[in-house]
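**Q** The structure is given below, and queries will be raised subsequently.
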Amino acid sequence: FTFKWVGKAPVEPQPPAGESDWQALYYVNKDLTDPVALSVRQAKIDFNWGAGAPAPGIPADNFSARWSRNTGFAAGTYAFCIRADDGVRLWVDDVLLLDEWRISNGDLTICRDYTLTTGLHAIRVEYFEETGSALVKAWWQKQ
């Protein structure tokens, strides 16, 4: 287990209440390259597949996924966090906040504080699994 943070320490993952689902796209390669193998709505990004596959038709290794959604925020500073084994990155309004796009030696947690204005903001998370255990989580909390 590796831990790293930028800004304040991470908080426990809490699913955003009453918000729309993520649009999830899964690929049978680790490059997020078309064609999309699975398109599905998911309530949260909180998966620990271990050595298994995320869904029928998706391999247990060498796959990738992209989640996106628009979420309403009150003005303020938020800790955006990701936890993954292997590569992961997170954008807010096309600003790359967290970038750990690499093969990891175990699971990694990283957070970064970011200030938002009131209104809708586009959130995007991308993930790839090389081999071994697969897990990915994303969350945020107002500071």
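The values are calculated or read from the model by the stated rules, or taken from the named source; none is laboratory data. This is a predicted model, so every value here is computed, not measured. When we count neighbours, we look across all protein chains shown, and the Cβ atoms used for this are built from the backbone with ideal geometry, even at glycine. All accessible areas refer to the heavy atoms of the entire protein, side chains included, with ligands and DNA or RNA removed. Shrake-Rupley method; radii C 1.70, N 1.55, O 1.52, S 1.80 Å.
**Q** How big is the charge dipole of the chain about its Cα centre, in debye rounded to the nearest 20, if each Lys and Arg gets +1 on its Cβ and each Asp and Glu gets -1 on its Cβ?
**A** 360 debye
**Q** As a test question: what accessible area, to the nearest 10 Å², does LEU25 have when a 1.4 Å probe is rolled over all protein chains in place?
**A** 40 Å²
**Q** Moving on. What is the percent carbon and sulfur in the accessible area of the chain, measuring with a 1.4 Å probe over the protein chains and ignoring ligands?
**A** Result for the chain: 51 percent of the exposed heavy-atom area is carbon or sulfur.
**Q** Considering only protein heavy atoms, what per residue accessible area in square angstrom results for the chain with a 1.4 angstrom probe?
**A** Computed with neighbouring chains in place, this is 48 Å² per residue.
**Q** Within the chain, what is the number of lysine pairs with alpha carbons under 18 Å apart, leaving out pairs fewer than eight places apart on the same chain?
**A** The result is 6.
**Q** Please compute the contact order of the chain in relative form: average sequence separation of alpha-carbon pairs under 8 Å and at least six residues apart, divided by the residue count, as a percent.
**A** Reported as a whole number, the value is 34 percent.
**Q** Label-point separation (nm) for THR71 and THR33, each offset 7 Å from Cα along Cα-to-Cβ?
**A** Here the answer is 3.1 nm between the modelled labels.
**Q** Which of rounded, prolate or oblate describes segment 32-72 when judged by the alpha-carbon gyration tensor and an a/c cut-off of 1.5?
**A** Note, shape of segment 32-72 comes out oblate.
**Q** For percent of Cα pairs over 25 Å apart, pick the label among (i) 70; (ii) 23; (iii) 41 that corresponds to the value derived from the coordinates.
**A** Answer label, from the structure shown: (ii).
**Q** Given R₀ = 22 Å, FRET efficiency for SER133-ASP21 by Cβ-Cβ distance, to 0.05?
**A** With R0 = 22 Å, the Cβ-Cβ based efficiency is 0.30.
**Q** Using a 1.4 Å probe, how large is the accessible area of ASP94, given in Å² and rounded to the nearest 10?
**A** Ignoring ligands and nucleic acids, ASP94 comes out at about 120 Å².
**Q** Another question, then. Could you give the length gained on full extension between LEU96 and GLN143, defined as 0.36 nm per residue of separation minus the Cα-Cα distance, in nm?
**A** Value of the extension gain: 15.0 nm.
**Q** Sticking with this structure for a sec: Considering only protein heavy atoms, with the full assembly of protein chains and a 1.4 angstrom probe, order ASP46, ASP31 by accessible area, largest first.
**A** Descending order: ASP31, ASP46.
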